[in-house]
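The next block holds one structure in the form of structure tokens; read it before the comments.
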Amino acid sequence: MEKRELICIGCPMGCPLTVELEGKEVVSVTGHTCKRGEVYARKEVLSPTRIVTSTVKVEGGKADMVSVKTKEDIPKDKIFQCVKALKGITVKAPVHIGDVIVPNVADTGVDIVATKEA
Ligand code: SF4
């Protein structure tokens, strides 16, 4: 049986979690204070995902850069490709919150959207 130790990122309490795995099956989760911790632990060991945040250049805007993020979580193993896809991107002002900057980034089905006006 494999044992994985994690820190829950669901809230600032950062509960230490222990997950026991039998092959690709979660046998038990302990250490969580609330249900969110258990859900996080199961997802983290079976199919970890993350929101990716970054910035891209803006042409003709109020600022030179605008912050962007994936609209939803993407698989952790796609983060590098996602960051790479954002390199060298320049958008034209005006940029509004929620504007799609890169559709379907790294073939994840998730868009990169602006999180600020520029
Ligand atoms: S298990 Fe619950 S209380 Fe503990 S860090 Fe995660 S979200 Fe917060």
HN-Hα J couplings of the stretch 101-118 from phi, Karplus 6.51/-1.76/1.60, θ = phi - 60°, integer Hz, Gly and Pro as x? 9, 9, x, 6, 4, 6, 6, 9, x, 10, 8, 8, 10, 6, 10, 9, 7, 8
Compute, for the stretch 53-114, the length of the dipole vector about the Cα centre, with Cβ point charges of +1 (Lys, Arg) and -1 (Asp, Glu) only. Units Debye, rounded to 20. 180 debye
Where Lys and Arg each count +1 and Asp and Glu each count -1, what net charge lies around residue 17 among other residues with Cβ under 15 Å from its Cβ? +1
Each residue of the stretch 84-99 in order: what ³J(HN,Hα) in whole Hz does its phi give by Karplus 6.51 cos²θ - 1.76 cosθ + 1.60, θ = phi - 60°, with x for Gly and Pro? 4, 5, 8, 5, x, 7, 10, 10, 8, 5, x, 10, 10, 4, x, 4
Restricting to Cα pairs below 8 Å that are 6+ residues apart, what does the relative contact order work out to for the stretch 2-47? Please round to a whole percent. 33 percent
Above-threshold pairs, the threshold being 26 Å between Cα atoms, out of 3/71; 3/87; 43/87; 57/78; 3/84: 3/71; 3/87; 43/87; 3/84
P(r) tail fraction, the chain - alpha-carbon pairs more than 21 Å apart, %: 51 percent
Any chance you could run the full-extension gain for residue 9 through residue 46? It's 0.36 nm times the residue separation minus the Cα-Cα distance, nm to one decimal. 11.7 nm
Picking from 37, 93, 82, whose Cα lies most toward the positive end of the charge dipole for the chain (charges on Cβ: Lys, Arg +1; Asp, Glu -1)? 93
In nm, what is the difference between 0.36 nm times the number of residues separating residue 65 and residue 35 and their Cα-Cα distance? 7.0 nm
Tell me, what ³J(HN,Hα) does each residue in the stretch 51-68 have, in order and in whole Hz, if you take phi through Karplus 6.51 cos²θ - 1.76 cosθ + 1.60 with θ = phi - 60° and put x for Gly and Pro? 7, 10, 10, 6, 9, 10, 6, 10, 9, x, x, 5, 10, 6, 10, 10, 7, 9
One would report the antiparallel percent of DSSP beta bridges in the stretch 53-114, rounded to the nearest 5, as 75 percent
Any chance you could check the Cα centroid distance between the stretch 67-118 and the stretch 18-61 for me, in angstrom? 20 Å
What number comes out for the charge environment of residue 80, summing +1 per Lys or Arg and -1 per Asp or Glu over other residues with Cβ under 12 Å away? +4
Rel. contact order, % - alpha carbon contacts under 8 angstrom, at least six apart, the stretch 32-118: 30 percent
Amide H to amide H, which residues 5 or more places from residue 110 or on other chains are under 5 Å from it, using H placed in the peptide plane? 104, 105
Taking 0.36 nm per residue of separation and subtracting the Cα-Cα distance, what length does fully extending residue 90 through residue 57 add? 11.4 nm
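Readers should treat all values here as calculations from the given coordinates under stated rules, not as data from a laboratory. Note that the structure is a prediction, hence the values are computed from the model and not measured. Don't worry about glycine lacking a Cβ; one is built from the backbone with ideal geometry, like all the others, and counts go over all protein chains shown.
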